[in-house]
Amino acid sequence: MEAKWLLCFTMAALMAVANGQESVKPLVKIVKGKKLCDKGWECKGWSQFCCNQTISDYFQTYQFENLFAKRNTPVAHAVGFWDYHSFITAAAQYQPHGFGTTGGKLQSMKELAAFLGHVGSKTSCGYGVATGGPLAWGLCYNKEMSPSKLYCDDYYKYTYPCTPGVSYHGRGALPIYWNYNYGETGDALKVDLLNHPEYIENNATLAFQAAIWRWMTPVKKHQPSAHDVFVGNWKPTKNDTLAKRVPGFGATMNVLYGDQVCGQGDVDAMNNIISHYLYYLDLMGVGREEAGPHEVLTCEEQKPFTVSPSSASSSSS
């Protein structure tokens, strides 16, 4: 049923994008004094966020191609896999919840650049002297190429038991690792990723869906999501302030990667993600000057939200 719905939804999105759809005039209703809108396939379901511009209004195919210019070159490792249609189809499910539709156009574009900055850095095969520069190679991968282990944690054998012979190595736009992460993501998306993690590397829309779900969803209870810390929904507590955690791009790295990236000073793992974000802001016409001051952009001095267990591996491919 899920696959059939996704196919129909994808066809609707493809037709709309292929037809060069102009901004759709929303249906509007007032509920308890609040304006709610429905914009059809891209922002459906009576949401305040659908009253704003949707992603396809300000981010179109040519911009996606600019950001990920080298992904289909012969030396890339996922040629023909990632495309704009897959992204916009996946994003449509989360736009009614504020993904890329929170605030005005500038705020929305910055969030999109932030999310894609994480994606680009985690799927890049760029290096210092790569053609086009090291930042032009995002979406080069859709899976870890030479996994060193199966990433099966028996601690979760009663909730997310490993399927014999299945490897839970990194796959996707924000690579998923470990059986429990595949299980949790699969539960949320209503797809059996615990038994079939390969679905992520076989379906670009699902891969983007999983990544956007992770962006929009707290990693742990009583923690904010990456979306919330970026768009200003999260209000730091006194303890957060003492831990130097402030809203902004730096906090998105803290939410998603914790001590793997943050609280370690001026490290390459952090700077690579920041570099992609700034590069994408420039390419999208926003400009890196909109990224904010240093303490907002980095997490080098932030105390991590999450400390990795000793068994955890880096979430980068």
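The values are calculated or read from the model by the stated rules, or taken from the named source; none is laboratory data. None of these values were measured; they are calculated from a predicted model. So basically every Cβ, Gly included, is an ideal-geometry build from the backbone, and we count neighbours across all protein chains shown. Keep in mind that these areas ignore ligands, DNA and RNA; they rest on the heavy atoms of the full protein, side chains included. Shrake-Rupley method; radii C 1.70, N 1.55, O 1.52, S 1.80 Å.
7 Å from Cα along Cα→Cβ at both Lys34 and Lys221: what's the point-to-point distance in nm?
Reported label-point gap for Lys34 and Lys221 is 2.4 nm.
Which of the following values of P(r) over Cα pairs in 20 Å bins from 0, in percent was calculated from the structure shown: [x] 31, 53, 15, 1; [y] 35, 62, 3; [z] 32, 61, 7?
Matching entry in [x] 31, 53, 15, 1; [y] 35, 62, 3; [z] 32, 61, 7: [z].
Show which lysines lie in cross-link reach of Lys190 when reach means a straight Cα distance below 30 angstrom and same-chain residues fewer than eight apart are skipped.
Cα-Cα hits under 30 Å: Lys4, Lys39, Lys44, Lys110, Lys122, Lys143, Lys149, Lys157, Lys220, Lys221.
When the chain is treated as a GNM, springs tying every alpha-carbon pair under 10 Å, which of Thr163, Thr185, Thr54 comes out with the largest mean-square fluctuation?
Sorting by GNM fluctuation, first place goes to Thr163.
List the trypsin sites (Lys or Arg not before Pro) within segment 113-176 that fall in a DSSP loop (any state other than H, G, I, E or B) and whose Cβ has at most 16 other Cβ atoms within 10 Å.
Working: sites: Lys122, Lys143, Lys149, Lys157, Arg171; in loops: Lys149, Lys157.
Sparse-neighbourhood loop trypsin sites (Lys or Arg not before Pro): Lys149, Lys157.
Using amide H atoms built in the peptide plane, which far-off residues or other-chain residues are under 5 Å from Ile176 H to H?
Arg171
Ignoring any ligand, DNA or RNA, what whole percent of the accessible area of the chain comes from carbon and sulfur when the probe is 1.4 angstrom? Spell out each step's value before the answer.
Values: 8020 of 14630 Å².
Within the chain, the accessible surface is 55 percent carbon and sulfur.
Per q in 0.10, 0.14, 0.18, 0.22 1/Å, what log10 I(q)/I(0) does a Debye calculation on the alpha-carbon atoms of segment 137-226 return?
-0.24, -0.47, -0.77, -1.12
Using a Debye calculation, one point per C-alpha and no hydration shell, please list log10 I(q)/I(0) for segment 180-240 at q = 0.12, 0.13, 0.22 Å⁻¹ in order.
Debye intensities relative to I(0), on a log10 scale: -0.36, -0.41, -0.86.
State, to one decimal in nm, how far the label point of Val296 lies from the label point of Tyr158, with both points 7 Å from Cα in the Cβ direction.
4.6 nm
When the helix-only estimate is applied to the chain (DSSP H runs of n ≥ 4, each -39,500 (n - 2.57), divided by the residue count), what is the mean residue ellipticity at 222 nm, nearest 500 deg cm²/dmol? Before the final figure, lay out each step's value.
Working: 13 runs with 123 residues, N = 317.
Counting only the DSSP helices, I get -11000 deg cm²/dmol.
Pop the C-beta distance of Leu106 and Asp266 into the FRET formula with R0 = 25 Å and round what comes out to the nearest 0.05. Walk me through the intermediate numbers first.
Numbers: r = 28 Å, r/R0 = 1.12.
E(calc), rounded to 0.05, equals 0.35.
Evaluate the Debye formula for segment 26-106 with equal point scatterers sitting on the alpha carbons, no solvent, and hand back log10 of I(q)/I(0) at q = 0.12, 0.13, 0.25 Å⁻¹, in q order, two decimals.
Those come out to -0.42, -0.48, -1.12, one per q.
Please list the three semi-axes, largest first and in whole Å, of the ellipsoid equivalent to segment 91-166, using sqrt of 5 times the eigenvalues of its alpha carbon gyration tensor. If you can, show how the numbers build up before the last one.
Numbers: eigenvalues 195, 116, 14 Å².
Value: 31, 24, 8 Å, ordered largest first.
Which of the helices in the chain, when you take each full DSSP H run, stretch at least 20 Å along the axis at their Cα atoms and have an average Kyte-Doolittle score of -0.5 or higher?
Passing helices, by number: 2-18, 105-122, 268-283.
In whole angstrom, how long is each semi-axis of the equivalent ellipsoid of segment 188-317, when you take the square root of 5 times every eigenvalue of its Cα gyration tensor and sort them from largest down?
Working: eigenvalues 126, 72, 45 Å².
That gives 25, 19, 15 Å for the three semi-axes.
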